Amino acid sequence: MAAKPVRMLVLGTGGMARNHVEHLSAIPGVTIVAGVDTRPEQLAKFCDDHQIAQRFTSLDEAIKWGQFDAATNVTPDPVHYPTTMALLAAGKHVLCEKPLATDQGKAREMADAAAKAGVINMVNLTYRNVPALQKAALMVAAGDIGTVRHFEASYLQSWLTQVAWGDWKTESQWLWRLSSKHGSKGVLGDIGIHIIDFATFVAGSQPAEVSCRLKTFHKVPGDKIGEYVLDANDSFVMHMALENGALGTVSATRFASGHHNDLRLRIFGDKGGLEVSFEKAVSRLRSCLGDAVNTPEWTDVETEPVPMVYQRFIAAIRGEGAPVPDFSRGADLQRVLDLAELSDAEGGKSQMI
């Protein structure tokens, strides 16, 4: 039986949009029918490169045209809220880049609007695609490590200390991430959301209390390059207590020389522990369980490939799977980010979720 056709619109044609279009168009029955961007030249080039027929310089025009079933929202962070709300009002399914919004109030409003509209809604928490993460979550839920007691999670990037991805001092795609005026929430909003989801998803519990310190480092004379004031946070360290009673730390930085894009979680219970890593794009899971805790001896655990968020989004539209993670999860994570900022503003004071 042929797959149910799904007509996709891509909103925003920046760097991440390429990944979305390539993965979505590879799914049988999915067609990218239109692109939207306020920059005509970039829009034209992107659509030409990906053979996308319809081009719109405003979302209103695209919605008026209306010949699409779903949209993938790859706009800058502050634009997620108004554009997604417009798509939901039009009854379209939406896959939105993270973070869902720039504050918890807007994120919760988006989640409520999606539920009311009755459409599929998902947020692109990329590292849910990591096989070791999914396997670890199943093992924790099955009680393999017993009652969760402690965890340590980190997300390490280094693009402020190397040029493998480009020169941050001269390229706007990096500079905007360092400037709150340009909509950046710093490392906390950019990759902090990923590592918080990474840790709490495996632990199987929501945060109950957080305290956090953010740090913006001096990088250039005057802390400004052109129109970009470099005031967004570069590193954070967070203490977190979970609803299940576990205690741990979550951290992220852009100054981790030697780590281009690496995530790691160590999680321990009263019967054993797990180590989850995604380093150099390789997923790995190790366990220390049973009698091995006395040695101690760590063993690699086999994992199976898992569907990417794009496949899960289309499957949910077709009624073949659950829309996970959805906007409600995105709103929950945004509340943690908001309270982390508040905690830092109050000198690291603990905040109850």
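Numbers at a glance
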read-out: Residues of segment 1-49 that turn out to be touching a helix residue (DSSP H, G or I) at 6+ places or on another chain (Cβ under 7 Å) and exposed (fewer than 13 other Cβ atoms within 10 Å of the Cβ), as a count; value: 1
read-out: Residues being buried (at least 22 other Cβ atoms within 10 Å of the Cβ) and over 30 Å from residue 21 (Cβ atoms) - total across segment 310-342; value: 2
read-out: Condition check for residue 261: of a type in the set (S, T, N, Q), assigned by TED's automatic domain parsing to the domain that holds residue 181, crowded, with 20+ Cβ neighbours inside 10 Å and in contact with a strand residue (DSSP E or B) (Cβ under 6 Å, 6 or more places away or on another chain); value: no
read-out: Residue match in segment 64-72 (condition: modelled with pLDDT of 95 or more, farther than 18 Å from residue 6 by Cα, under 17 Å from the mean Cα position of the chain (by Cα) and among the basic types (Lys, Arg)); value: no
read-out: Selection count where residues are more than 21 Å from the chain's Cα centre (by Cα) and surrounded by fewer than 17 Cβ atoms within 10 Å (Cβ to Cβ), scope segment 264-285; value: 2
read-out: Test: residue in segment 198-208 that is in a strand (DSSP E or B) and either more than 17 Å from the chain's Cα centre (by Cα) or surrounded by 16 or more Cβ atoms within 10 Å (Cβ to Cβ) (or both); value: yes
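For (1) touching a helix residue (DSSP H, G or I) at 6+ places or on another chain (Cβ under 8 Å); (2) among the basic types (Lys, Arg); (3) in contact (Cβ under 8 Å) with a residue 24 or more places away in the chain, each residue gets a yes or a no:
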{"residue": "85", "(1), (2), (3)": "yes, no, yes"}
{"residue": "90", "(1), (2), (3)": "yes, no, yes"}
{"residue": "100", "(1), (2), (3)": "yes, no, yes"}
{"residue": "106", "(1), (2), (3)": "yes, yes, yes"}
{"residue": "112", "(1), (2), (3)": "no, no, no"}
{"residue": "126", "(1), (2), (3)": "yes, no, yes"}
{"residue": "140", "(1), (2), (3)": "yes, no, yes"}
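The values are calculated or read from the model by the stated rules, or taken from the named source; none is laboratory data. Given the structure is predicted, the values throughout are model-derived calculations rather than measurements. We place every Cβ from the backbone using ideal geometry, glycine too, and count neighbours over all the protein chains shown.
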